Amino acid sequence: MTPGRQTFPAGAAIRGVRRMLTAMLPAAACMLALASCAQQPPAASGPLGAADLHWLNTVSFGADQASIARLRELGRKRYLEEQLRMPPADPPAVTAVVAALPTLQGTAAERTRAAREERQRIAGLPDEMARQQAREALNRQGREAIADTVRRHLLRALYSQAQLREQMTWFWMNHFSVYGAKGQVRWALPDYEEHTIRPRALGKFSDLVLATVTAPAMLEYLDNMQSSANRVNENYARELMELHTLGVSGGPSGSRYTQQDVQELARVLTGFGINARGEPPRLAPARAALYRGDGLFEFNPNRHDFGAKTLLGRRIEPTGFDEAARAVAILAREPATARFISAKLAAYFVADNPPASLVDRMAATFTRTDGDIAAVLTTMFLSPELDRVLDAPGRKFRDPMAFVMASMRLAYDGRTVSNLRPVMNWLNQLGEPLYGHVTPDGYPAAEGAWASSGQMVKRFEIARAIGSGPAGLFAGDASLPPGPARFPVVAGKAYYDTIEATLGPQTRASLAQAETQAEWNTLLLSSPEWMQR
């Protein structure tokens with residue numbers, strides 16, 4: 001936002017919270033009282049312009065001092081190139097913590113089969129109370145598998161230098177969304193993010209789609225694991241077309257598929273499922289040669305429809321497992337897919353209603369590069385449209401994940417928290433718990449989903465919790481060792497180097513009335529400017 005601007009896209013909800021904040025703070029305080037506890041910027045350090053700060057806040061979960069310095073050194077183009085090349089490696093502090101998370105040890109197959117054996121053991125217990133206690137213990141272990149996956153995701157979002165990869169992991173986990181609490185998804189969830197989504201977050205879109213087609217978490221969540229030639233389930237095929245690739249038929253992407261196409265794709269996906277037994281099925285020699293198994297995933301040719309299929313006017317020969325690769329290639333190369341994915345990326349990063357010119361160029365890049373995600377992101381992040389939204393009414397509003405991550409990255413810059421329970425609770429309160437969206441469309445990115453007056457009040461409360469002290473963040477929890485508690489000083493170098501110049505006069509006036517560092521922190525982290533990228 002440009003200095004002095006006073007109109008904010010969140011409208012009445014944010015203005016109402018501003019009035020509430022102003023009324024809560026004493027009017028006679030002075031910012032000079034904060035000077036002694038805030039770190040002043042070096043005289044030789046020039047500020048990062050509003051456009052560059054907005055760009056950095058878009059590429060990352062939120063600017064911190066290290067990313068600010070790196071952008072100054074490299075400039076946008078080289079900074080982006082570096083982000084796109086960064087391997088999916090964790091910083092040492094995060095690596096050690098992730099390695100210690102108990103329920104992430106082993107594989108999805110081992111966790112699922114151990115749970116299956118435990119359910120069988122529980123069923124054989126003679127005492128009902130013992131069975132009930134054992135079931136609750138198993139359910140608790142399943143909840144912790146989800147919680148540890150959340151911890152790992154948050155640690156990377158907060159501390160990884162590969163910020164763009166982590167943002168794209170979050171984006172794709174919403175795009176190819178699964179609900180962690182459904183059935184046995186919880187046991188496969190850690191591997192779904194770690195081995196299916198994250199390594200391919202910046203690669204070829206078709207590779208990413210095909211990986212999700214064989215992902216046990218997705219197969220269970222969308223009910224494909226029992227789909228067979230004589231009992232075809234169309235649920236996953238429909239979502240694969242409507243939500244994952246082409247968009248709604250007849251919608252803005254220009255897709256024109258029919259119910260017949262859905263049925264044909266569902267036939268392609270028969271036999272794709274889960275092997276929780278640990279042993280391949282008994283098959284005749286000819287069929288055994290067509291069997292595929294990888295961990296929990298299996299393609300069972302006995303359950304596959306071997307008739308020829310026609311998808312979007314293209315014939316798919318009956319070859320078994322390889323039919324899925326052919327179907328994914330057809331879907332990924334459709335012009336509707338290029339438009340649908342490009343528009344969704346632009347709506348997440350740039351504006352709720354992104355400029356048509358930008359979406360067209362991104363779609364052209366998608367088509368030209370055969371769905372190279374990194375190339376499409378380069379077109380978007382180096383576009384002039386990204387800077388123009390600074391002065392447009394549709395500037396991108398932070399969803400709860402972006403708001404909490406940016407606030408934590410600024411308030412506790414470089415300090416690794418040891419208790420992520422408060423952070424997880426904040427996301428729950430804001431309505432965006434990780435892996436908690438029941439329906440397969442994922443969490444919305446539009447401002448209208450997150451800018452209600454109730455949401456703004458909760459954001460103020462969370463800003464106050466973050467800004468008023470350690471908030472239990474360094475107390476340790478069942479999975480992480482305790483760390484040293486330190487009071488957050490938001491008015492530090494990153495603030496003076498970048499954020500201060502982007503604040504409007506109303507926010508500056510409110511900050512000038514703060515009597516304590518905690519009040520000042522709260523005001524900044526709940527300001528209208530902070531609600532936007």
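The values are calculated or read from the model by the stated rules, or taken from the named source; none is laboratory data. Since this is a predicted model, take the numbers as computed values, not measurements. Cβ: placed from backbone, ideal geometry, glycine included. Neighbour counts: every protein chain shown.
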**Prompt:** What pairs can you find where one residue is in the stretch 445-469 and under 29 Å from Ala343 (Cα atoms) and assigned to a helix (DSSP H, G or I), the other is among the small types (Gly, Ala, Ser) and modelled with pLDDT under 95, and their Cβ atoms are less than 8 Å apart, with a gap of 6+ or different chains?
**Reply:** Glu447/Ala10; Ser453/Ala12; Ser453/Ala13; Ser453/Gly16; Gln455/Ala13; Met456/Ala10; Met456/Ala13; Met456/Gly16
**Prompt:** Is it true that some residue in the stretch 246-259 is surrounded by 20 or more Cβ atoms within 10 Å (Cβ to Cβ) and over 25 Å from Lys204 (Cβ atoms)?
**Reply:** no
**Item:** From the options Val232, Val213, residue that is within 11 Å of Phe176 (Cα to Cα), of a type outside the set (D, E, K, R) and in contact (Cβ under 8 Å) with a residue 40 or more places away in the chain
**Value:** Val213
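Taking the options Glu144, Glu118, Glu136, Glu110, name whichever one is in a helix (DSSP H, G or I), buried (at least 18 other Cβ atoms within 10 Å of the Cβ) and not small (Gly, Ala, Ser).
Glu144
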**Request:** State all residues of the stretch 61-119 that are out of contact with any Ser or Thr (no Cβ under 9 Å at 6 or more places or on another chain) and of a type in the set (Val, Ile, Thr); if no residue qualifies, say none.
**Result:** Thr95, Val98, Thr107, Thr112
**Complete:** Taking the stretch 405-430 and keeping only residues that are under 14 Å from the mean Cα position of the chain (by Cα) and without any contact (Cβ under 8 Å) to a residue 60 or more places away in the chain, one is left with Leu427
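Taking Glu385 as the residue in question, decide whether it is surrounded by 17 or more Cβ atoms within 10 Å (Cβ to Cβ), of a type in the set (Asp, Glu), more than 26 Å from Leu503 (Cα to Cα) and in contact (Cβ under 8 Å) with a residue 12 or more places away in the chain.
Numbers: surrounded by 17 or more Cβ atoms within 10 Å (Cβ to Cβ): yes; of a type in the set (Asp, Glu): yes; more than 26 Å from Leu503 (Cα to Cα): no; in contact (Cβ under 8 Å) with a residue 12 or more places away in the chain: yes.
No: the conditions fail for Glu385.
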**Prompt:** If we keep just the residues of the stretch 492-502 that are aliphatic (A, V, I, L, M) and under 28 Å from the mean Cα position of the chain (by Cα), which is farthest from Ser67 (Cα to Cα)?
**Reply:** Ile499
**Request:** Would you mention how many residues in the stretch 295-310 are surrounded by 14 or more Cβ atoms within 10 Å (Cβ to Cβ), of a type in the set (A, V, I, L, M, F, W, C) and more than 30 Å from Leu189 (Cα to Cα)?
**Result:** 1
**Prompt:** Which ranges mark the helices (runs of 4 or more DSSP H) fully within the stretch 368-419 that have 1 or more residues being out of contact with any Cys (no Cβ under 8 Å at 6 or more places or on another chain), of a type in the set (D, E, K, R) and more than 30 Å from Pro488 (Cβ to Cβ)?
**Reply:** 384-388
**Complete:** Phe61 fails exactly one of (1) within 28 Å of Val350 (Cβ to Cβ); (2) in a helix (DSSP H, G or I); (3) at pLDDT 95 or above, namely (2)
**Request:** Kindly indicate which of Leu155, Leu189 is of a type in the set (A, V, I, L, M), touching a residue at least 12 places away in the same chain (Cβ under 8 Å), closer than 28 Å to Met225 by Cβ and not in a loop (DSSP other than H, G, I, E, B).
**Result:** Leu189
**Prompt:** Which one is nearest to Asp360 (Cα to Cα) among residues in the stretch 237-253 that are outside any helix (DSSP H, G or I) and aliphatic (A, V, I, L, M)?
**Reply:** Leu246
**Asked** Any idea how many residues of the stretch 103-115 are out of contact with any helix residue (DSSP H, G or I) (no Cβ under 7 Å at 6 or more places or on another chain) and either under 20 Å from Ala201 (Cα atoms) or not basic (Lys, Arg) (or both)?
**Response** 5
**Item:** Index of the failed condition, Glu239 passing every other in (1) closer than 21 Å to Arg314 by Cα; (2) surrounded by 24 or more Cβ atoms within 10 Å (Cβ to Cβ)
**Value:** (2)
**Message:** Tell me yes or no: at least one residue of the stretch 122-131 is crowded, with 22+ Cβ neighbours inside 10 Å and in a helix (DSSP H, G or I).
**Reply:** no
**Complete:** The condition from (1) over 21 Å from Thr169 (Cα atoms); (2) touching a Leu at 6+ places or on another chain (Cβ under 6 Å); (3) in contact (Cβ under 8 Å) with a residue 60 or more places away in the chain; (4) not aromatic (Phe, Trp, Tyr) that Gly394 misses is numbered (2)
**Message:** I need a count of the residues in the stretch 221-236 that are outside any loop (DSSP other than H, G, I, E, B), surrounded by fewer than 23 Cβ atoms within 10 Å (Cβ to Cβ) and not basic (Lys, Arg).
**Reply:** 2
**Request:** Collect the residues in the stretch 346-366 that are part of a loop (DSSP other than H, G, I, E, B) and in contact with a strand residue (DSSP E or B) (Cβ under 9 Å, 6 or more places away or on another chain), keeping them in residue-number order.
**Result:** Asp352
